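Worksheet: one structure, shown below.
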Amino acid sequence: MNARRTVAVMTGGGDAPGLNAVIRAIVKQGVTQLGWRVIGLEDSFDGLLESPLRIIDFDRDQVRGILTLGGTILGTTNHGDPFKFRETDGSVSDRSTDVADRLKLLGVEGLIAIGGDGSMGICARLMKERGVQVIGVPKTIDNDIPGTEITFGFDTATAFATESVDRLHSTAEAHERVMVLEVMGRDAGHLALHAGLGGGADVILIPEIPFTWEAVLGKLMRRRAHKRHFSIVVVAEGAKPEGGQVLERTNADGRKSHGGMGQYVADEISRRTGLDSRCTVLGHLQRGGTPTPHDRVLASRMGHHAMELARRNEWGRMVAVRGNRMDSVELTWLLTQPCRQLPLNDDAISTARALGIVFGDEAV
Ligand code: F6P
């Protein structure tokens, strides 16, 4: 009799709503339908590299009721690179060979890695340098992974950010203030554009379009001249003024994150115009909460497609959406690609411009 086929699954990098829906789809199809063994690695590669191992030998019951949950039942980490593994004593070592050896010992034929560009890069290296068979499933609220038109988590984050714009509208109008909302997105403006357009913002500042103060302030002053005494400005955390820099902070682990542009924009608006301005930073609220129906469906489709690739032995690929159909791209191709920024001819940008929304590059 043939040995039971075995795959491992892990989640890596920042979480995104829908991770659990992918895990559920993989386990339901793998364990229940195909009769495979599915092993979950806890906290990305940490669970595989620590002693004792921290892994879950999934049965159907362990994924009951998780479709609607944000976060990930497997846990995740932003610094789980086995090529630069941080040991408990603080030292850093290359444990990539251990990843390959331990997966082999567990009888795992391949790993399904649900992660962002960082995790995909690590997996491509594990494949090339250590012979680990991998299938990638892209996730991020930023929607910026090359090769796929959309990632799960983006719709949930956009819905929350749009609702936040809606909520700011009433208080902005009541107090006749400029309300600045800083949203995530790293070096891409998908989230800011969609929340701003969906919420009816007056100004949207995105990394792809450096802004001038003249264009931004011009819009705010024109609104006042038309007796609109409040304004909403959506600022992507990676936005920057023409000739200026993206603002960053250093975290306790030494990694840098974008942040601070919203407050800077609000302060400059007040300083340059005297208008009363406030900043709200949505931060990690955008990554939390229950996934929207769209993200549950997309994540389930992606988990199912990952299993289909595994079933057909098509390792070395990342699940991708093209023309709203499930497809896949070579993992190694991804390594050569920059993050998927908004194309300047995106019709959501031209729609916003046609509706009078300012991006900060307009002639004044
Ligand atoms: O990539 C997802 C993301 O949420 C970005 O939008 C944001 O810049 C970054 O992660 C924040 O990372 P951290 O959780 O490490 O602060």
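Quick notes on this structure:
- The lone exception for Gly283 - which of (1) modelled with pLDDT of 95 or more; (2) on the phi < 0 side of the Ramachandran plot; (3) out of contact with any Gly (no Cβ under 6 Å at 6 or more places or on another chain) it fails: (2)
Listed here are the residues, each with its yes/no results for (1) outside the structural domain of Leu111 (by TED's automatic domain parsing); (2) more than 16 Å from the ligand (Cβ to nearest atom); (3) of a type in the set (Val, Ile, Thr).
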site: Gly12; (1), (2), (3): no, no, no
site: Ile26; (1), (2), (3): no, yes, yes
site: Gln29; (1), (2), (3): no, yes, no
site: Pro52; (1), (2), (3): no, yes, no
site: Arg60; (1), (2), (3): no, yes, no
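- Taking the criterion of being open to solvent by 10 Å² or more (accessible area, probe 1.4 Å), within 11 Å of the ligand (Cβ to nearest atom) and within 21 Å of Leu220 (Cα to Cα), the only residue of region 231-271 that qualifies is Glu237.
- Check on Arg287, under 17 Å from Val234 (Cβ atoms) and either in contact with a Pro (Cβ under 7 Å, 6 or more places away or on another chain) or open to solvent by 50 Å² or more (accessible area, probe 1.4 Å) (or both): no
- Any hit, region 129-145, residues being in a helix (DSSP H, G or I) and either modelled with pLDDT of 95 or more or of a type outside the set (Gly, Ala, Ser) (or both): yes
- Residues that are surrounded by 17 or more Cβ atoms within 10 Å (Cβ to Cβ) and of a type in the set (Asp, Glu), drawn from region 26-75: Glu42, Asp43, Asp46
- Candidate set: region 170-187, residues that are within 16 Å of the ligand (Cβ to nearest atom) and outside any loop (DSSP other than H, G, I, E, B); chosen: the one surrounded by the most Cβ atoms within 10 Å (Cβ to Cβ): Val183
- Residue within region 210-220 that is in contact with a Leu (Cβ under 8 Å, 6 or more places away or on another chain), among the basic types (Lys, Arg) and away from the ligand (no atom under 16 Å from the Cβ) present: no
- The residue list Asp155, Asp166 contains one member that is crowded, with 21+ Cβ neighbours inside 10 Å and modelled with pLDDT of 95 or more, which is Asp155.
- Test result for Ala352, in contact with a Ser or Thr (Cβ under 8 Å, 6 or more places away or on another chain) and of a type in the set (A, V, I, L, M): no
- Neighbours by Cβ (under 6 Å, 6+ apart or cross-chain): first from region 195-218, hydroxyl-bearing (Ser, Thr, Tyr); second surrounded by fewer than 21 Cβ atoms within 10 Å (Cβ to Cβ): Thr212/Glu242
- Any chance Thr148 is of a type in the set (Ser, Thr, Tyr), in a loop (DSSP other than H, G, I, E, B) and open to solvent by less than 50 Å² (accessible area, probe 1.4 Å): yes
- Strands (runs of 3 or more DSSP E) enclosed by region 1-110 - at least 3 residues per element that are under 20 Å from Gln133 (Cα atoms) and in contact with a helix residue (DSSP H, G or I) (Cβ under 8 Å, 6 or more places away or on another chain): 6-11, 37-41
The values are calculated or read from the model by the stated rules, or taken from the named source; none is laboratory data. Just so it is clear, the model here is predicted, and its values are computed rather than measured. In this analysis, Cβ positions are derived from the backbone assuming ideal geometry, glycine residues included, and neighbour counts consider all displayed protein chains. Just so you know, the surface numbers come from the protein's heavy atoms only, side chains and all, with ligands and any DNA or RNA stripped out. Shrake-Rupley method; radii C 1.70, N 1.55, O 1.52, S 1.80 Å.
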